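Written out below as structure tokens is the structure these notes cover.
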Amino acid sequence: MVKSVAAPQAKGKSAEDKIFGANNRAVALAETLGADKVINGTVGSILDEDGNLVMLHVVEEAFKALTPKEIVAYAPIQGYPDYLDAVIDQCFGEFRPEGYIRACATSGGSGVLHHVIHNYSEWGDDILTSDWHWGAYGSMCNDNGRHLREFELIGSDGKFNFASFKEHVEDMVAKQYNTVIIMNSPANNPTGFALSSDDWDTVLAFLKDVVAGKDKNIILVPDVAYLDYSGEKKECRKFFKKFGNLPDNILVVVAYTCSKGFTMYGQRMGAMICVTANEDIANEFVAINQYTSRATWSNSNSAAMKAMANICKDPAKVAELDAERAKYFALIKERADIFMKEAQECGLKYLPYLSGFFITIPMEGSQAVCDLLEKENIFLVPLGKGVRLAVCSVSKAKITGLAAKIKSAVEATGAKQ
């Protein structure tokens with residue numbers, strides 16, 4: 001019997017993060033054998049062709065230019081006003097939806113999800129997301145006394161499975177006051193899948209209908225962590241316009257982060273952005289989420305907010321930012337194209353990939369496949385229903401031939417695709 005003094009709801013909590021675990025093993029082996037001898041496909045950060053962590057040059061210069069006060073001062077709980085204006089502009093671009101829009105600074109995109117779960121669902125509620133999702137969603141729900149519920153994201157035709165989504169939402173609306181839906185699109189982690197413009201039209205028309213005339217609410221949370229590497233700058237933002245003029249009982253809360261688009265991974269800087277047709281709901285959004293920020297991490301990272309805001313005030317720096325992002329988007333696409341072409345040639349199945357940091361190879365027996373690949377110094381992430389490859393971090397030279405090696409491991413272990 002293990003001695004414990006934890007409160008009942010905390011007893012037994014523990015989690016070994018498979019992503020960081022695999023990455024740690026890969027890094028340790030690379031230090032022993034040399035980085036050229038190891039393929040590390042676990043890292044959810046952009047690495048260049050030499051294996052170095054990318055920090056956008058315009059962001060690096062912005063940090064160097066910060067004054068001591070900008071670095072160390074306490075920031076307002078909601079966030080600096082210029083930062084909040086900048087995140088709204090950076091997120092929506094030319095496709096800002098109609099309505100009342102407010103933003104609150106958060107500790108990365110994770111902070112957005114925490115606050116939404118905490119403030120817009122009740123103890124014991126289900127939170128809906130797709131079956132292919134970032135594993136931390138489940139931990140956030142469990143730690144807040146909620147349950148993560150999954151709909152099937154991709155149908156047998158390779159398209160968005162609206163029927164599965166509809167079935168789950170209808171059941172949740174019948175049982176709960178609020179239905180919180182986390183939709184990680186575009187550039188879904190771990191698949192690279194995205195809802196099309198027509199998919200969004202279908203989803204929003206259904207959501208309006210399912211709560212029409214009811215004392216029920218939908219809280220729709222587009223998690224757009226990989227937005228800036230999901231396509232051409234304007235094209236990938238067009239769907240935001242669809243969130244304007246929705247009924248009062250549909251609140252959109254966009255989960256925005258500086259981790260990817262500004263390569264500020266460890267700075268833990270993000271923002272939650274609400275879109276609503278009702279000013280009272282917008283004002284409540286700020287009030288309750290500021291309160292929760294104060295009750296958790298208090299105020300956010302001053303230096304990261306100021307660096308981001310200072311870039312966005314200068315059109316020349318924004319142009320440099322856009323150019324750097326486009327460069328790395330193209331590089332990631334080249335890597336993904338190599339892998340998908342070779343996967344098709346060797347008969348390795350992968351889930352529909354459009355853009356983003358990851359490609360997923362569906363299978364039963366993912367752990368055995370990853371264990372075998374590690375013996376060949378290849379480190380990938382085992383998921384419940386597949387293996388995740390971070391195309392953002394594997395060079396073109398190393399990704400060449402990788403599909404065939406994964407295929408061989410699938411056959412050697414008897415894993416089923």
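Brief remarks on what is shown
- Enumerated helices (runs of 4 or more DSSP H) restricted to segment 248-315, each holding at least 2 residues that are touching a strand residue (DSSP E or B) at 6+ places or on another chain (Cβ under 9 Å) and crowded, with 24+ Cβ neighbours inside 10 Å: 279-295
- Any hit, segment 202-212, residues being over 24 Å from VAL318 (Cα atoms), surrounded by fewer than 21 Cβ atoms within 10 Å (Cβ to Cβ) and polar (S, T, N, Q): yes
- Residues of segment 152-187 that turn out to be over 26 Å from LYS260 (Cα atoms), touching a helix residue (DSSP H, G or I) at 6+ places or on another chain (Cβ under 6 Å) and among the aromatic types (Phe, Trp, Tyr), as a count: 1
- Condition met for GLU98 (in contact with a helix residue (DSSP H, G or I) (Cβ under 9 Å, 6 or more places away or on another chain), in a loop (DSSP other than H, G, I, E, B) and charged (D, E, K, R)): yes
- In this entry, GLU334 is excluded by the filter for residues that are open to solvent by less than 50 Å² (accessible area, probe 1.4 Å) and among the charged types (D, E, K, R).
- Of the helices (runs of 4 or more DSSP H) lying entirely inside segment 366-417, those containing at least 1 residues that are small (Gly, Ala, Ser) and in contact with a Pro (Cβ under 8 Å, 6 or more places away or on another chain) span 366-374.
- Residues (touching a Gly at 6+ places or on another chain (Cβ under 8 Å), among the hydroxyl-bearing types (Ser, Thr, Tyr) and either open to solvent by less than 10 Å² (accessible area, probe 1.4 Å) or closer than 19 Å to GLY145 by Cβ (or both)) located in segment 106-122: THR106, SER110
- Residue list for segment 395-416, restricted to those being of a type outside the set (Gly, Ala, Ser) and touching a residue at least 40 places away in the same chain (Cβ under 8 Å): LYS396, LYS398, ILE399, THR400, LEU402, ILE406, LYS407, VAL410, THR413, LYS416
- From the options VAL173, VAL180, residue that is buried (at least 20 other Cβ atoms within 10 Å of the Cβ) and either assigned to a helix (DSSP H, G or I) or of a type in the set (Val, Ile, Thr) (or both): VAL180
- Cross-chain or 6+ apart pairs with Cβ under 6 Å, segment 137-164 first and over 20 Å from PRO362 (Cα atoms) and modelled with pLDDT of 95 or more, then surrounded by 18 or more Cβ atoms within 10 Å (Cβ to Cβ) and of a type in the set (Gly, Ala, Ser): ARG146/SER121
- If the condition is being open to solvent by 30 Å² or more (accessible area, probe 1.4 Å), in a loop (DSSP other than H, G, I, E, B) and of a type in the set (Val, Ile, Thr), then segment 44-89 contributes THR67, ILE77.
- Scanning segment 7-20 for residues that are closer than 16 Å to SER45 by Cβ and either in contact with a helix residue (DSSP H, G or I) (Cβ under 8 Å, 6 or more places away or on another chain) or assigned to a helix (DSSP H, G or I) (or both) turns up ILE19, PHE20.
- Some residue of segment 307-321 being more than 16 Å from GLU60 (Cβ to Cβ), aliphatic (A, V, I, L, M) and under 20 Å from the mean Cα position of the chain (by Cα): no
- Scanning segment 210-226 for residues that are in contact (Cβ under 8 Å) with a residue 40 or more places away in the chain and in a strand (DSSP E or B) turns up ASN217, ILE218, ILE219, VAL221, ASP223.
The values are calculated or read from the model by the stated rules, or taken from the named source; none is laboratory data. Small disclaimer: the values here were computed from a predicted structure and weren't measured. As a convention, Cβ positions derive from the backbone with ideal geometry for all residues, glycine included, and neighbour counts pool all protein chains shown. The area values use the complete protein model at the heavy-atom level, side chains included, leaving out ligands, DNA and RNA. Shrake-Rupley method; radii C 1.70, N 1.55, O 1.52, S 1.80 Å.
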